[in-house]
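The values are calculated or read from the model by the stated rules, or taken from the named source; none is laboratory data. These numbers come from a predicted model, not from an experiment. Reconstructed Cβ throughout: ideal geometry from the backbone, glycine too, with neighbour counts over all protein chains shown. For accessibility, only protein heavy atoms count, side chains too; no ligands or nucleic acids. Shrake-Rupley method; radii C 1.70, N 1.55, O 1.52, S 1.80 Å.
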Amino acid sequence: MGAVESTEGEREPLLVPSQPATNTQPGLSRVYGRRWFVLTMFSLLGFMQGLVWNTWGPIQISAKHVFEFSSTDIAVLVMWGPVGYLPWLLFMWLMDKKGLRASLLLSAFFMVLGAALRSVPLKDLYYRRWMIHGGQLLNGLAGPTIMSAGPLLSTTWFAPDQRATATAIASLIGYLGSACAFLIGPLAVPAPNGTVGSTVYWNQNHIRDRIQFVLYAEVGMIAALFVAVLFYFPSRPPVPPSVAAASQRLSYRSSICRLLSNMRFLMVALAYSVPTGVIAGWAGVLDMILTPAKVSQVDAGWIGFWSIVGGCVFGVAMARFADYIRGMLKLILVLMFAGASLAATWFTLTCLTRLTHLPSTTATLYTSCILVGIFINSSVPIFLELFIETVYPVPEGITCGVVTFLSNLFTGLLLFCLTFYFTGFTAKKTKIFPQPKQTGTYGIDMDLNLAQRDIVPMSFSF
């Protein structure tokens, strides 16, 4: 019998694999060089959002003298960040349905509008304070996207072996902006020189001009970033970088229901949100906390700066380490929290020096505060990667939106309690220790209690 050529159908395999081996087909995934530009634009917006949020805490003494803020006002200005997170469900829906570009453009618009509102040079201090509060609230409305979209961006644009590093950069750059506020504020805005006898020597107009210069610079940088994002910021690349980025995810409603019914996720979210929320609110009023320990505005700024910068650097290093060792996330977090607990206990005992008789020096305050910031802030990208692995295939933006909302909830609760604490303590102290107003060199009345005596120390532990 002669040989007959087989047909195309006869050459088909009898057993077809249930899932095609997509990892063997290089044409289905690709990484683009433009991913670094996208990450840079997103990170710079996060940097400016954190910088604007932490504007007033590091210069609270100067702001009190110029704008007649009280300690309660400073705490409320910081609290507008967590309050702006209340419509987080709307931003998560927009991110899930319309993509990252639409959500980021809306957030950047709120940032521009808020920064512009703060910089309007009104002479009436009553309306000027309301404008500043409104600007801080608008900046807080950018928080849901800026703080939650980092893991979504890293999964959408980066290969699996770069994802944790990209998540660390995108999520920690906002903390770096807060850290730079500790540095820029006290260095750019001079603090009152203190008192000599009953006379206060300081130039109010000069301090006001320096604050106005900082506000103008911030609105200019945010406007430039908004224009750049408006011209080019794609939601996703033409070809996904991995199989996971191209896989089908749950719908918005199904994702929310699954997250709220997953007890393992809720337990890990609680472990993340309590310490990170407390440390965020604590850092926002760090200058007021350290004032009773006779720490100057500049020194408090340096403490806050190095605590957050150390956390950012250490967090990126640990995320890079986690890119290669994926099974040790829990152990890394346990070690970080153990170090944070020891450092927080050290700081608490140092503040209670009258009871513990431990030495309270500048070195101990610097070291304990910086260690707390390093251990807590560096855990953020590790936690976010753990969340994504725990609840897959829930979209990354929705997952991180839930946990960052919980973190901001605890930040808001802390600052809300502090506003009533400062108000009650100031009222009680004014009744017991009334102080006459003193007239400064430039003929300006000021209450010496306002700058030095209405602040109380605060300690915490994990």
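Quick look at the numbers
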read-out: Test: residue in the range 394-401 that is in contact (Cβ under 8 Å) with a residue 40 or more places away in the chain, open to solvent by 10 Å² or more (accessible area, probe 1.4 Å) and hydrophobic (A, V, I, L, M, F, W, C); value: no
read-out: Residue within the range 419-431 that is at pLDDT 80 or above and open to solvent by 10 Å² or more (accessible area, probe 1.4 Å) present; value: no
read-out: Members of the range 252-276 that are over 17 Å from residue 388 (Cα atoms) and surrounded by fewer than 22 Cβ atoms within 10 Å (Cβ to Cβ); value: 253, 274
read-out: Qualifying residue in the range 138-153 (condition: part of a helix (DSSP H, G or I), of a type in the set (A, V, I, L, M) and in contact with a Pro (Cβ under 9 Å, 6 or more places away or on another chain)); value: yes
read-out: Near pairs, Cβ below 7 angstrom, 6+ apart or cross-chain, from the range 167-178 (within 9 Å of residue 151 (Cα to Cα)) to any residue that is crowded, with 24+ Cβ neighbours inside 10 Å and among the hydrophobic types (A, V, I, L, M, F, W, C); value: 167/319; 167/384; 168/319; 170/42; 170/153; 171/380; 171/384
read-out: Exclusive hit being of a type outside the set (Asp, Glu), open to solvent by 50 Å² or more (accessible area, probe 1.4 Å), at pLDDT 80 or above and assigned to a helix (DSSP H, G or I), set 416, 410; value: 410
read-out: Breaking point among (1) over 22 Å from the mean Cα position of the chain (by Cα); (2) open to solvent by less than 50 Å² (accessible area, probe 1.4 Å), for residue 389; value: (2)
read-out: Qualifying residues in the range 181-224 (those that are buried (at least 20 other Cβ atoms within 10 Å of the Cβ) and more than 24 Å from residue 125 (Cβ to Cβ)) - the one modelled with the highest pLDDT; value: 222
read-out: Count of residues meeting criterion [farther than 18 Å from residue 290 by Cβ, open to solvent by 40 Å² or more (accessible area, probe 1.4 Å) and either in a helix (DSSP H, G or I) or of a type in the set (Gly, Ala, Ser) (or both)] in the range 357-386; value: 1
read-out: Helices (runs of 4 or more DSSP H) completely within the range 38-126 that count 1 or more residues being more than 16 Å from the chain's Cα centre (by Cα), at pLDDT below 85 and surrounded by 17 or more Cβ atoms within 10 Å (Cβ to Cβ); value: 60-67, 71-83, 88-98
read-out: Check on residue 156, outside any loop (DSSP other than H, G, I, E, B), among the β-branched types (Val, Ile, Thr) and open to solvent by less than 20 Å² (accessible area, probe 1.4 Å); value: no
read-out: Search result, residues across the range 128-144 that are out of contact with any Leu (no Cβ under 6 Å at 6 or more places or on another chain) and open to solvent by less than 20 Å² (accessible area, probe 1.4 Å); value: 132, 139, 140, 142, 143, 144
read-out: Cβ pairs under 6 Å, 6+ apart, first in the range 55-75 and farther than 21 Å from residue 217 by Cα and among the small types (Gly, Ala, Ser), second at pLDDT below 85 and not in a loop (DSSP other than H, G, I, E, B); value: 71/422; 75/415; 75/418; 75/419
read-out: Complete set of residues in the range 308-341 that are over 16 Å from residue 383 (Cβ atoms), surrounded by 18 or more Cβ atoms within 10 Å (Cβ to Cβ) and modelled with pLDDT under 80; value: none
read-out: Any hit, the range 277-294, residues being at pLDDT 75 or above, open to solvent by 40 Å² or more (accessible area, probe 1.4 Å) and out of contact with any Asp or Glu (no Cβ under 6 Å at 6 or more places or on another chain); value: no
